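Visitor: Starting off with a structure, shown below.
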């Protein structure tokens, strides 16, 4: 980590490991391998604090989310008494406003790449589908098994998969409760890349993250806002108009825009500054 990032990084993390494997890239690992990275209440809030810090830390531009061990995340740890007792009483789960794992309802400012190294089930699947990019191991699986437990997915995956994969595929996933393969998810348009057998999914995710880091951090933030407008329920016309009148104008006030244009004219690599947006 850079000194500035070290000074501001969240402390006291018990279920999450963070590191900076490459300049500008934050690696976030769910570290509960014995529980297949299912999340306790505490773990969910730790992830929330990490990603809020990530958005504020100007030296960081892209995050990668993965799990330690054999799983990405298999949802809530139902062995945690608070989860189970609240479910039985009909009390909603105690979640941050950013949703399950601090990700499933996250809007955020900067992109997250999900590096799905194994099963992504229930809340883990909901986290993955709200990431900006999804890279998966060949043996990874995705599923929403909630119907098998008498409950329902509530972390935002239902409308998101409906929009990305279509009604019939989303219905098959949600109403059968079966796990689908990474290759199926790729064919459905939910997963960007599936790694070759034996390949390191984090290495593959790093390739994508480094491509993003090479670009203007201001342009990445603003462009992502334009993408999000299309992801929500706005029409193409309304999303384009709001983007043009709002976020896109912010780019003209940045030094990185002038640097990018100058670098193009001078035929050199741009020297980007950390974003102030």
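Visitor: Take every DSSP beta bridge whose two residues both sit in the chain, then give the antiparallel share in percent to the nearest 5.
Guide: Values: 7 of 26 bridges.
Percentage antiparallel, nearest 5: 25.
Visitor: Here's something else I'd like to know. Let me check against my output: what whole-number percent is the relative contact order of the range 192-251, with C-alpha pairs under 8 Å and at least 6 apart? Walk me through the numbers on the way to the answer.
Guide: Numbers: 21 pairs, mean separation 18.4, N = 60.
About 31 percent, as a whole number.
Visitor: To the nearest 10 degrees, how steeply does helix 217-231 sit against the main Cα axis of the chain, on a 0 to 90 scale?
Guide: Between the helix axis and the principal axis of the chain, the angle is about 50 degrees.
Visitor: Where is the GNM fluctuation largest for the chain (alpha-carbon springs, 10 angstrom cutoff): 40, 240, 137?
Guide: With Cα springs under 10 Å in the chain, the top fluctuation among 40, 240, 137 is at 240.
Visitor: Rounded, prolate or oblate: which fits the range 188-237, taking a ≥ b ≥ c as square roots of the Cα gyration tensor eigenvalues, rounded meaning a/c under 1.5, else prolate when a/b beats b/c?
Guide: Working: a/c = 4.86, a/b = 1.53, b/c = 3.17.
Since a/c reaches 1.5 but b/c is at least a/b, the shape of the range 188-237 is classed as oblate.
Visitor: Please express the shape of the range 166-261 as an equivalent ellipsoid: the semi-axes are the square roots of 5 times the eigenvalues of the C-alpha gyration tensor, given largest first in whole angstrom. Write out the running numbers ahead of the final one.
Guide: Values: eigenvalues 215, 104, 10 Å².
Gyration-tensor ellipsoid for the range 166-261: 33, 23, 7 Å.
Visitor: OK, next. Tell me the angle of helix 255-266 to the major Cα principal axis of the chain, expressed in degrees between 0 and 90 and rounded to the nearest ten.
Guide: Helix 255-266 and the main axis of the chain meet at about 60 degrees.
Visitor: Can I ask one more? In a Gaussian network model over the chain where Cα atoms closer than 10 Å are linked, find which of 60, 13, 144 has the largest mean-square fluctuation.
Guide: 13
Visitor: Report, to the nearest 10°, how far helix 201-213 tilts away from the longest principal axis of the Cα atoms in the chain, using its own Cα long axis and a range of 0 to 90°.
Guide: 30
Visitor: Also: Just from its helices, what would the mean residue ellipticity at 222 nm be for the chain, if runs of 4 or more DSSP H residues each count -39500 (n - 2.57) and the sum is divided by every residue, rounded to the nearest 500 deg cm²/dmol?
Guide: Details: 12 runs with 117 residues, N = 277.
So the calculated ellipticity at 222 nm is -12500 deg cm²/dmol.
Visitor: While we're on this one: Using only the Cα atoms of the range 24-74, build the gyration tensor, take square roots of its eigenvalues as a ≥ b ≥ c, and label the shape rounded, prolate or oblate: rounded if a/c is under 1.5, else prolate if a/b is larger than b/c, else oblate. The partial results should precede the final answer.
Guide: On the way: a/c = 3.92, a/b = 1.74, b/c = 2.26.
Note, shape of the range 24-74 comes out oblate.
Visitor: Moving on to the next point. Pairs of Cα atoms under 8 Å, at least six residues apart: use those to get the relative contact order of the chain, whole percent. Don't skip to the end; give the middle numbers.
Guide: Values: 513 pairs, mean separation 40.7, N = 277.
Relative contact order for the chain comes out at 15 percent.
Visitor: To continue, here is another question. Of 205, 43, 263, which is the most mobile in a GNM of the chain whose springs link Cα atoms less than 10 angstrom apart?
Guide: Of the options given, 263 has the highest mean-square fluctuation.
All of the numbers you see were taken from the coordinates with simple rules; none came from a lab. Small disclaimer: the values here were computed from a predicted structure and weren't measured.
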